[in-house]
Each structure stands twice: as C-alpha cells, then as structure tokens.
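Q: Just passing along the structure, written as structure tokens.
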Amino acid sequence: MKKIFYILYLLPLLSVMAQEAPTKKEIGNYNNNRFSQMYDIMATPNMFRTASGAPGPAYYQQQADYKIDVELDDKNTKLFGTETITYHNNAPEPLEYLWVQLDQNRRAADSESPLAESDKMNGSYSPTGFSRTYMEQPFDGGFKIEYVKDAKGKPMQYTINKTMMRIDLASPLKPGEKIVFSIKWWYNINNYFVVGGRSGYEHFAKDGNNLYIIAQFYPRMAVYNDVEGWQNMQFWGAGEFALPFGNFEVTITVPADHIMEATGELQNRKDVFTAAQLKRYELAEKTFDKPVVVVTQQEAEQAEKGFSEKKKTWKFKAKMVRDFAFSTSRKFMYDAMAVKLGGKNVMAISLYPKESNPLWGDNSTKVVAHTLKTYSKYTFDYPYPKAVSISAEGQGMEYPMICWNYGRPDENGFVSEKLKYGMMSVIIHEVGHNFFPMIVNSDERQWTWMDEGLNTFLQYITEQEFIEGYPSSRGPAAKIVPYMSGDQKFLEPIMSNSETIHQFGANAYAKPATGLVILRETIMGKELFDHAFKMYANRWKFKHPTPEDFFRTMEDASAVDLDWFWRGWFYSTDYVDVGIKEVKQFRVSVEKPKTEEKKEEVSARRRRLNNNTETQYVYMMADSLNSVEPLDIKNIKVLKDYLQEKFTPAERAALKSPKYFYEVTFDKPGNMLMPVITELTFEDGTTQKYTFPVQIWRKNNQQVSRVFAVDKPVWKITVDPDLQTADIDVANNVWPKQEVRSKFDEFEE
C-alpha cells in the first residue's frame, strides 16, 4: 500500500517536471569539461611512484662512483684522462649491458648534430663566417676512446652510437651486484667562442692565456630507472643531461701557475695555495658579511705572464653528486665568504680574471651567498660544502657546486644597469641549479622545464628578495603575454621534448616559471604553495622525479585540485583571455517582470504539492545604466515585513543595505581557465576587488555571470586589474568600453 501511495504522490510532480523539460531530446556528448581529471594523461601510480607524488616502497635508483685522473695540455688545448667506474645495480632486474654518455661527440668531425638543423644561404657573410662555413674542416672535438677494460684489465666489447656508448657485459649484472670497469680517452678542447658549446676555453689574445671551463669531459653513466629503463636519448644540443648520483675522487693536473675550482672538496689545499693564500682562505671560512680576497689581482696578473712549464695536481672528493666539472686558468682571482645554513658553514666562492673587475669583486660572491640562503628557505638546506661562480664570458651553465656565468665591463670599465642585473640574474639562476636538477635530479634530456622552469621560478623570488624593485625579466604574468599570444604554429606545450621547441627560452624557462608564480600568488596562495613546493623538493632530493611526481605532490600537499591547470598550462598552448561581455543594472520594482511569471507558476505548483504557503517576492527590474538612482531597500514593504519578522533590531542594524545592483557577464575567448579577478571602481574613486575561484567556470567553460550588490554607483569594472593572470587581451577587460591603453607597455623594456 505504501508503494502505491508513493507513486501516486509523484505523479503530479513528474507532470510539472515534464512541462519544464525540453521537448526535443538532445544529442549526447563526451566529457570535454576542462576540469576533468588527468587519468587519461598521467602514468598509473605504482609501487615505485605513488599516487600522492612520493617515491613508493619499491623506489630504487642506480649509483655510479668514479675515480678520475685528467691532465690538461694547455699549449695544445687537449684533455687526457682515465677513469674507473664502479656501477651498482639497485634495480630489481638484471642488466645485460650498460649505456655511457659521450657528450663531447656532438662536436666530433662526423657528428650528425649540424645535419639535423635546417639550413639556408645567407645574403652576406663575414670572411671568417664564410671560411668557417664553407672552406674549413669541421672542428674535431669528439672523444677518442683508447680502451674500455674490466676490473682484471681485459678489454670489454663496446659500441659507439653517436653520443652514446653501449658496453656489453660478459654476463648479466644481477640485482644488488656491482661492476668495475675503466675507460681511457682524450679529446681536443673547443674554443667555445669559435665552435660553441657549454664548456671549453676562452682565449685572451692580449696576454695569450686561456680560461678553461671543463664539463662533460669524461664518459658518464646514463640513468637507468623504473620509468624509461635506460635514458639513452641522443644529445643533439638543446636537451641537457640525465645522470645518476655517486661519489667522485678526481685528480686534475694543470700548469703550476693555474688557480682552480671544481666540484667537491679540495683535499690538498696546502700543496696548491701559497702560505699567504691559505691564510686568507682560512679567514674567509670565518667571515660572513663580505668576501675575502684569497688570490689577489696583483697575484693573478703576475701569474698570467709566467706560462710555467711545471705542473701541479689538484685533488678533489665529492659525495652524492651527479656530475663533476672544473675551471682553471692562470688569470684567476679568487674570493670567498662563509654562509651559515642549517647549523653548518657553506663557502660562497668566485673566480674571475682582471677583465671582470670591479663588477665581479663587488657582486658575484654576495649574490652566491644570497642565492644559497633564499633557495634553502624555499626548499631544503643546501647540503654541499661550497658553491662556486666562475666568470666565463658568453656562458651560463651549471654543475654540482660550480657554474659559469657571463658579464664583464667594457674595455673602458663601464657597466650598464642592464649588464649588472643581467650578470646577477645569471649567477642566481646557475647557482640555483644546484637545487634543480643537481639535487632534485630530473631528466633534463626529456623535460627541460623540470629544471629550467622550476629554477627560473625560484630565481624570480630570489631576485625580488635581493633588491627591492629588482628588474626581473621573467616571472610576472604579464611578461609571458607576447609569447602566449603568438602564432600557434610556433608554439608547443611545455610538456614537449627540448629538441622540438621553437622558442626555447619562453617555453622551457619563462612559461613554467610564470605558471608557478600564478599558482603561488593568484590561485593557491603563498602559504599553501610554499608548503607543497617544499614537500616536492624534500621528497625528491637526491632522487629522480618525473613531471607526474611534481603535479601530484603539489595537489597532495595542498588539497587544491590543479588538474585543470596542468592540463591547460603544461599540456596545451591555450591562452588566457577573460573579458566583460555585458553589464546590466537592476532596480527594485513593484511591477512583475514577464520573465518571472512562468517561474512563479512552476513554484506555485511545487508549493501546492508540498503544502507550502504563498511566497511574496521582491522583484528586480533591468534598468538603463545611463541613469543610476540609489535604492533604499529597507523601505520596500515586502522586504521590510520579512526583516521585522525574522530579525531582532540589533540583527537588522548589522545587515547590509546595498543600493545598487549590477549583473556582470564574463566571457572567455581564450580556452585557458583562470580565476576571475574583478575590480569595481566607484564614482567617488574608491575601489573594491573580488576574486572568484577558477571553479566558477566548472559548469560553463565559456561564460559566467556574477551579481554585485553595492552601496555606491559603479563607474568602471576591470578584469585582472593588476595583470596577474597573463590575459593576452586587456581591451575587453574594462567596462564601459573605451580606448584602453595597454598595461603591458611597461613590460616591453
């Protein structure tokens, strides 16, 4: 009986609902909502990498330890070396062969890298350029491998494929086992001003000296992991490097009058420094407020005249690093200071020739120290014993504990503001790379943005905390607009391989950095973002994260759903364009608008079904925006009766009393979702901001409306007034429509 009554009760309601339903059945559709989760894109979580973004219980990583001996032939610009590698297989499966990176082979005489670039005839050439392009033999800078031997000195079979070398094993290397083998090699060092490259030497014609910045100088183990197996993608030039962690013992023999710095801790400082230099260095270890000059300009100028025939060997050790690099020259000055980090002292160090002074002596080491402090604050305490900045003109490149940076005065000693800030920004950026990717060790060969983008983001924060009003070139949302609004034929998603990107700097550096700034300052808020970002850094320090590990951690640690953001900002070339489509003013009226009649009819039927009493209404009538009359809503009879019935006098006194009502319709010509930041400017010149979360678009990705009930007449409405969202077209951001001077002009410098 109860079931029959229930069905009869529903019949009238169903009848009403049927009258409201569309008469024509609509065609179904797929879920194209931009808030859909990224299960279709991201890798499935597993025991190696969890759904939270953290390493899983089965996570592993390989280890490669090196003992390296190299000697620099300064006269002939060659480097000779031998190395012994101890490779630990921590994977759950056996390995039948090993892959070793030979990155110098990109500059081999038979390298295919130049052939992979599109080439056109220029209208004019300098004699040097014409000769180098069409007449001279290509520079031969590739590795010359003399042998590969096992621990017993027996030759091992190997195959070289461009910039990769496969070493075949006599028997599979089982889980938990290690193998020891050695390689002997040499190569011609490139003049990077002539041949190009991320390392090499700079020649000073006036005094005949070379300044060496040496990296990728030894055969290096490739990464083997749970995601790709061997990461043996060829090195074509744009994508950088993926390397396993390990321990290094390195001896470097150079002319006796050279000064050097390198990855790791120097083991024989007393043998390579003079007594006076050693005393100054010991003072620097106790000085925290300014750099101490360890090797003076006078000493450097004296050394650069000597060209000693004697040799000196520098010995370094480094623990838990992914790579090793060094810089050496008889032209170097050397200064240093101590930085207190996490209860220990870290040395900030700079080496530079006299041509770099006074710019470098005044700034470099101070910038290194500030960078270490700032990055440590937002990630983890810098774990290494030092960070070194090398003056290498035309360079900007990073390695564990050491980096090369451009920026020198002109021949008259003049330093422009642009040069000064440019140099400091490069130092911050390259020192910052110690954190990403030298410690948070992402795959640079595949995902450039994971080190360059994250690092550029922290570079921006570091710059802003260094000097008030620092002229950062990347970071603020408005600075990415020219790129985001460009020709789609030359845009790729951030999630693209390095070698396929047209606008490398904007795509891999600026856009991801800007995205993180928007997340931090506009979407998540600094507190939530900083906690999640620090969580990612600490989860993956000294490990190998993937993009999914970053995306998942940022959501897991903040309780903010960001799939819509990753999907739009990282996986597409969608752009932000939110505008004001329409504004309506409403007033209270005793007249019943025709649009309300059917709605009230339906409501009345529902009330009868539920035995509810009749409801009285406060009607709102759309009005012209040309004549704005204030309303006294407390005198509206229906509303006045309701307030007196429901609220005490004290409660009524606390209620708002809006006099003006505006319905604003926002549209979204751009596909990228973004919060709607709106500023109302009133006739008296005051302003009020409203921020509507991105979820306002969840049911309609193209158009939404909001009602503003305010106590003053509105003179102007502006979307994104402070340029926080990278909106590419501000002309539709302002109501009433008017000639809008682009606010982006100030960012065009």
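The values are calculated or read from the model by the stated rules, or taken from the named source; none is laboratory data. A quick note: this is a predicted structure, and the numbers were derived from the prediction, not measured. Methodologically, a virtual Cβ is constructed for each residue, glycine included, from the backbone with ideal geometry; neighbour enumeration extends over all protein chains shown. Side chains are part of the model used for accessible areas, which takes the heavy atoms of the whole protein and leaves out ligands, DNA and RNA. Shrake-Rupley method; radii C 1.70, N 1.55, O 1.52, S 1.80 Å.
Q: Please work out if T613 is modelled with pLDDT under 70 and part of a loop (DSSP other than H, G, I, E, B).
A: Spelling it out, T613 is indeed modelled with pLDDT under 70 and part of a loop (DSSP other than H, G, I, E, B).
Q: Tell me, yes or no, whether the range 176-193 has at least one residue that is without any contact (Cβ under 8 Å) to a residue 60 or more places away in the chain and either touching a Cys at 6+ places or on another chain (Cβ under 6 Å) or surrounded by fewer than 18 Cβ atoms within 10 Å (Cβ to Cβ) (or both).
A: First, pick out the residues of the range 176-193 that are without any contact (Cβ under 8 Å) to a residue 60 or more places away in the chain: none.
No, every residue in the range 176-193 fails to be without any contact (Cβ under 8 Å) to a residue 60 or more places away in the chain and either touching a Cys at 6+ places or on another chain (Cβ under 6 Å) or surrounded by fewer than 18 Cβ atoms within 10 Å (Cβ to Cβ) (or both).
Q: Which of the residues belonging to the range 653-662 are closer than 22 Å to V707 by Cβ and open to solvent by 60 Å² or more (accessible area, probe 1.4 Å)? Let's see the steps before the verdict.
A: Let us first name the residues in the range 653-662 that are closer than 22 Å to V707 by Cβ, namely 654-662.
Within the range 653-662, A654, L655, K656, K659 meet the criteria.
Q: Further question: Examine the range 494-504 for a residue that is modelled with pLDDT of 95 or more and either open to solvent by 30 Å² or more (accessible area, probe 1.4 Å) or among the basic types (K, R) (or both), and state whether such a residue exists.
A: At the first step, the residues of the range 494-504 found to be modelled with pLDDT of 95 or more are none.
So far as the range 494-504 goes, no, none of its residues is modelled with pLDDT of 95 or more and either open to solvent by 30 Å² or more (accessible area, probe 1.4 Å) or among the basic types (K, R) (or both).
Q: From the list Y642, Y690, pick out the single residue that is among the aromatic types (F, W, Y) and over 30 Å from K511 (Cβ atoms).
A: Y642
Q: Quick one: count up the residues across the range 263-297 that are surrounded by 15 or more Cβ atoms within 10 Å (Cβ to Cβ), of a type in the set (S, T, Y) and assigned to a loop (DSSP other than H, G, I, E, B).
A: Total satisfying the criteria: 2.
Q: Still on this model: From the set of residues in the range 426-474 that are among the β-branched types (V, I, T) and not in a helix (DSSP H, G or I), which is farthest from the chain's Cα centre (by Cα)?
A: If we filter the range 426-474 for residues that are among the β-branched types (V, I, T), which is where we start, we get 426-428, 431, 439-440, 448, 456, 461-462, 467.
If we keep only those that are not in a helix (DSSP H, G or I) as well, we get 439-440, 448, 467.
Numbers: I439: 15, V440: 12, T448: 9, I467: 21 Å.
In this case the residue turns out to be I467.
Q: Just for the range 195-242: of the residues that are aromatic (F, W, Y), open to solvent by 10 Å² or more (accessible area, probe 1.4 Å) and in a strand (DSSP E or B), which one is farthest from E444 (Cα to Cα)? Let's see the steps before the verdict.
A: As a first pass, look at the range 195-242 and keep what is aromatic (F, W, Y): 201, 204, 212, 217-218, 224, 230, 235-236, 241.
Still in the list and also open to solvent by 10 Å² or more (accessible area, probe 1.4 Å): 201, 204, 224, 230, 235-236.
Checking which are in a strand (DSSP E or B) leaves us with 201, 204, 224, 230.
Numbers: Y201: 24, F204: 33, Y224: 14, W230: 14 Å.
Once the filter is applied, the top-ranked residue is F204.
Q: On to the next question. How many residues, within the range 403-415, are in contact with a Gly (Cβ under 9 Å, 6 or more places away or on another chain) and not aromatic (F, W, Y)? First the steps, then the outcome.
A: Filtering the range 403-415 for residues in contact with a Gly (Cβ under 9 Å, 6 or more places away or on another chain) gives 403-407, 415.
Filter once more, so that each one left must be not aromatic (F, W, Y): 403, 405, 407, 415.
The number of residues fulfilling the criteria is 4.
Q: So for the range 541-555 (the condition being within 22 Å of Y60 (Cα to Cα), at pLDDT 95 or above, surrounded by fewer than 20 Cβ atoms within 10 Å (Cβ to Cβ) and among the hydrophobic types (A, V, I, L, M, F, W, C)), does at least one residue qualify?
A: Yes, the conditions are met somewhere in the range 541-555.
Q: Return the pair list, or none, for Cβ contacts closer than 6 Å from residues in the range 355-381 that are part of a loop (DSSP other than H, G, I, E, B) to residues that are open to solvent by less than 30 Å² (accessible area, probe 1.4 Å), at least 6 apart or on different chains.
A: T379/F435; T379/A537; F380/A537; D381/L341
Q: Can I ask one more? Looking only at the range 475-498, which residues are part of a loop (DSSP other than H, G, I, E, B) and of a type in the set (V, I, T)?
A: Within the range 475-498, the subset part of a loop (DSSP other than H, G, I, E, B) is 475-476, 485-487, 491-497.
Scanning the range 475-498 gives a single hit, I494.
Q: Can you pull out the residues in the range 477-491 that are surrounded by fewer than 20 Cβ atoms within 10 Å (Cβ to Cβ) and not polar (S, T, N, Q)?
A: Of all residues in the range 477-491, those surrounded by fewer than 20 Cβ atoms within 10 Å (Cβ to Cβ) come to 482, 485-490.
If the condition is that a residue be surrounded by fewer than 20 Cβ atoms within 10 Å (Cβ to Cβ) and not polar (S, T, N, Q), then P482, G486, D487, K489, F490 are the ones that fit.
Q: I'm trying to understand the selection: among the residues of the range 663-707, which are among the aliphatic types (A, V, I, L, M) and either out of contact with any Lys or Arg (no Cβ under 9 Å at 6 or more places or on another chain) or in a strand (DSSP E or B) (or both)? Show your work before the answer.
A: As a first pass, look at the range 663-707 and keep what is among the aliphatic types (A, V, I, L, M): 664, 672-674, 676-677, 680, 694, 696, 704, 707.
V664, V676, I677, L680, V694, V704, V707 - these are the residues of the range 663-707 that are among the aliphatic types (A, V, I, L, M) and either out of contact with any Lys or Arg (no Cβ under 9 Å at 6 or more places or on another chain) or in a strand (DSSP E or B) (or both).
Q: Kindly provide the set of residues from the range 643-690 that are hydroxyl-bearing (S, T, Y) and under 25 Å from W735 (Cα atoms), ordered by number.
A: Step one: list which residues in the range 643-690 are hydroxyl-bearing (S, T, Y), which gives 648, 657, 660, 662, 665, 678, 681, 686-687, 690.
If the condition is that a residue be hydroxyl-bearing (S, T, Y) and under 25 Å from W735 (Cα atoms), then S657, Y660, Y662, T665, T678, T681, T686, T687, Y690 are the ones that fit.
Q: Is there any pair linking a residue in the range 621-648 that is within 18 Å of F586 (Cβ to Cβ) to one that is modelled with pLDDT under 75 and of a type in the set (S, T, N, Q), with Cβ under 9 Å and at least six apart or on different chains, and which?
A: Correct list of pairs: M621/S589; D623/S589; V638/Q616.
Q: Moving on to the next point. From Q703, Q688, grab the single residue that is under 39 Å from the mean Cα position of the chain (by Cα) and in contact (Cβ under 8 Å) with a residue 60 or more places away in the chain. Walk me through it before giving the result.
A: On the way: Q688 fails: in contact (Cβ under 8 Å) with a residue 60 or more places away in the chain.
The conditions single out Q703.
Q: Just give me the residues in the range 388-417 being outside any loop (DSSP other than H, G, I, E, B), out of contact with any Leu (no Cβ under 6 Å at 6 or more places or on another chain) and crowded, with 17+ Cβ neighbours inside 10 Å, in sequence order.
A: Narrowing the range 388-417 to residues outside any loop (DSSP other than H, G, I, E, B): 388-391, 396-399, 402-405, 417.
Adding the requirement that they be out of contact with any Leu (no Cβ under 6 Å at 6 or more places or on another chain) leaves 388-389, 391, 396-399, 402-405, 417.
Residues satisfying the conditions are V388, S389, S391, G396, M397, E398, Y399, I402, C403, W404, N405.
Quick grid of which residues meet (1) over 14 Å from V388 (Cβ atoms); (2) surrounded by fewer than 17 Cβ atoms within 10 Å (Cβ to Cβ); (3) aromatic (F, W, Y); (4) modelled with pLDDT of 95 or more:
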position	(1), (2), (3), (4)
K315	yes, no, no, yes
R322	yes, no, no, yes
G342	yes, yes, no, no
M347	no, no, no, yes
L351	no, no, no, yes
S376	yes, no, no, yes
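Q: Give just the number: which of (1) farther than 14 Å from G475 by Cα; (2) modelled with pLDDT of 95 or more; (3) crowded, with 24+ Cβ neighbours inside 10 Å; (4) not hydrophobic (A, V, I, L, M, F, W, C) does K420 not satisfy?
A: The one condition K420 does not meet is (3).
Yes or no, residue by residue, for (1) in contact with a Pro (Cβ under 9 Å, 6 or more places away or on another chain); (2) of a type in the set (D, E, K, R):
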{"site": "A242", "(1), (2)": "yes, no"}
{"site": "P255", "(1), (2)": "no, no"}
{"site": "E265", "(1), (2)": "yes, yes"}
{"site": "D271", "(1), (2)": "no, yes"}
{"site": "A275", "(1), (2)": "no, no"}
{"site": "L283", "(1), (2)": "no, no"}
{"site": "K305", "(1), (2)": "no, yes"}
